[in-house]
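Below is one structure, written out as structure tokens, with a few remarks after it.
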Amino acid sequence: MIPRFKLSPSGPEVSALAYGLWRLADDPAGTSTARVREKIETCLEVGVTTMDHADIYGLYTCEGLFGRMLREAPQLRDRMEIVTKCGINVPCAHRPGVHARNYDTTGPAIERCVDRSLRELNTDRIDVLLIHRPDWLTSAEETARGLQRVVQAGKVRSVGVSNYTTHQFALLAHFLGRVPVTNQVEVSLLRMDAIYDGTLDQCQAAGVHPMAWSPLGGGRLLSGHDEASARTRTALARVSADLGVSAEQVALAWVTMLPSRPQVVIGTNQPSRIRDAAGGARLVLSREQWYALWEAAQGRNIP
Ligand SMILES: NC(=O)c1ccc[n+]([C@@H]2O[C@H](COP(=O)([O-])OP(=O)(O)OC[C@H]3O[C@@H](n4cnc5c(N)ncnc54)[C@H](OP(=O)(O)O)[C@@H]3O)[C@@H](O)[C@H]2O)c1
């Protein structure tokens, strides 16, 4: 079974792998309730209990597809933690009144998004609500007040952020009076910024597990034609042959081994790949293997 931990001292218990629903509407096998249920039941069976949503996924349709499945199988709700995100407005049929792209993390916008997500997801509570992206036009104090209101209303259990800089994270923590339960950021062999810019160190200091999105570079790591992907793939193949595991498992382990212990958010639409990822959830690389992958991805030796 997949390891579990508390996302932060005040956050929920979660599985070390989370399942991302960003690509739910793009599944070549379709979006029928049966297909959605097949993937979610596969996750639960192998111990992936954290479901990572955002209101905007599938242009505001993915939460609804998931909620339709929960209406049919309500018994699944108590076996999972639901994470969702708010704060991005894109003009489309599901966002009446929005005429231009913008971020809005004011109190009323947060409350509106939460009410909609609860309705779409067909649930009475959101386990973790994240601000999807920093909104440069709203004060952290205002955002914190909005977040506190949805928690006080019993609609949201805990709150965190995504794609925040370390300063934005600290500022929001100040006005919240507590540390956000996570910072969900992009981390993979092809995206190491959070390792160098202090984001993961800040999480480590606060006892918060970051959530790592696109851990396979959105698939580029396994199928990209660019030089960095090709180089890294060669190194992944070597390590996976040595260990007798899949290249995907090695790439995910490379992220989970970071000292801040990220919760890795996978995004496949294929049940067999969910099983494979779960099968490697306890994989540990040697120090030499980890650094060899770093060097391959970076195309240079460690200094
Ligand atoms: N907070 C944010 O701003 C943010 C941004 C982006 C994503 N996210 C979250 O992170 C989650 C994961 O992101 P992601 O979907 O980009 O994760 P990912 O695991 O890096 O990439 C998944 C993609 O890789 C493909 N893939 C997997 N194994 C492959 C292989 N062996 N060969 C070729 N392609 C392969 C999958 O295709 P198949 O479906 O065919 O397997 C899928 O399209 C999202 O669902 C979302 O929840 C958050």
Open item on the list: Being without any contact (Cβ under 8 Å) to a residue 60 or more places away in the chain and either over 22 Å from GLN184 (Cβ atoms) or out of contact with any Ser or Thr (no Cβ under 9 Å at 6 or more places or on another chain) (or both) narrows it down to one residue among ILE56, ILE88; which is it?
Closed with: ILE88
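Are any of the residues in region 286-295 among the small types (Gly, Ala, Ser) and surrounded by fewer than 21 Cβ atoms within 10 Å (Cβ to Cβ)? Lay out the reasoning, then the answer.
In the first step, residues of region 286-295 are kept if they are among the small types (Gly, Ala, Ser); the result is 286, 292.
Subset that is surrounded by fewer than 21 Cβ atoms within 10 Å (Cβ to Cβ): 286, 292.
Within region 286-295 (the criterion being among the small types (Gly, Ala, Ser) and surrounded by fewer than 21 Cβ atoms within 10 Å (Cβ to Cβ)), the answer is yes, since at least one residue qualifies.
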Task: Residues satisfying the stated conditions in region 43-68, i.e. of a type outside the set (Gly, Ala, Ser), assigned to a helix (DSSP H, G or I) and within 16 Å of the ligand (Cβ to nearest atom) - done: CYS43, VAL46, TYR57, LEU59, TYR60, CYS62, GLU63, LEU65, PHE66
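With respect to GLY87, determine if the residue is farther than 24 Å from THR33 by Cα, of a type outside the set (Ser, Thr, Tyr) and at pLDDT below 95.
Values: farther than 24 Å from THR33 by Cα: yes; of a type outside the set (Ser, Thr, Tyr): yes; at pLDDT below 95: no.
Against the criterion (farther than 24 Å from THR33 by Cα, of a type outside the set (Ser, Thr, Tyr) and at pLDDT below 95), GLY87 does not qualify.
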Open item on the list: Suppose we keep only residues that are outside any loop (DSSP other than H, G, I, E, B) and of a type in the set (Ser, Thr, Tyr) within region 24-42. Which one would you say is nearest to the ligand (Cβ to nearest atom)?
Closed with: THR42
Task: Positions within region 78-110 being surrounded by fewer than 17 Cβ atoms within 10 Å (Cβ to Cβ) and assigned to a helix (DSSP H, G or I), in sequence order - done: ASP78, ARG79, PRO108
Open item on the list: Where the second residue is hydrophobic (A, V, I, L, M, F, W, C) and part of a helix (DSSP H, G or I) and the first is free of Cβ contacts under 8 Å to residues at least 24 places away in the same chain and lies in region 164-176, which pairs have Cβ atoms under 7 Å and are six or more apart or on separate chains?
Closed with: none
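Restricting to region 123-155, count the residues that are closer than 19 Å to LEU59 by Cβ and surrounded by fewer than 20 Cβ atoms within 10 Å (Cβ to Cβ).
Residues of region 123-155 closer than 19 Å to LEU59 by Cβ: 130, 132-133.
Filter again for surrounded by fewer than 20 Cβ atoms within 10 Å (Cβ to Cβ), leaving 133.
Final tally of qualifying residues: 1.
Give me the residue from region 6-23 that is among the hydrophobic types (A, V, I, L, M, F, W, C) and more than 8 Å from the ligand (Cβ to nearest atom) and, out of that set, surrounded by the fewest Cβ atoms within 10 Å (Cβ to Cβ). First the steps, then the outcome.
Taking region 6-23 and keeping what is among the hydrophobic types (A, V, I, L, M, F, W, C), we get 7, 14, 16-18, 21-22.
Next, only the ones that are more than 8 Å from the ligand (Cβ to nearest atom) stay: 7, 14, 16-17.
Values: LEU7: 25, VAL14: 26, ALA16: 21, LEU17: 25.
The extreme case among them is ALA16.
The values are calculated or read from the model by the stated rules, or taken from the named source; none is laboratory data. Predicted model only: the values in this text are computed from it and were never measured. Cβ coordinates were reconstructed from backbone atoms using ideal geometry, including for glycine residues, and neighbour counts include every protein chain displayed.
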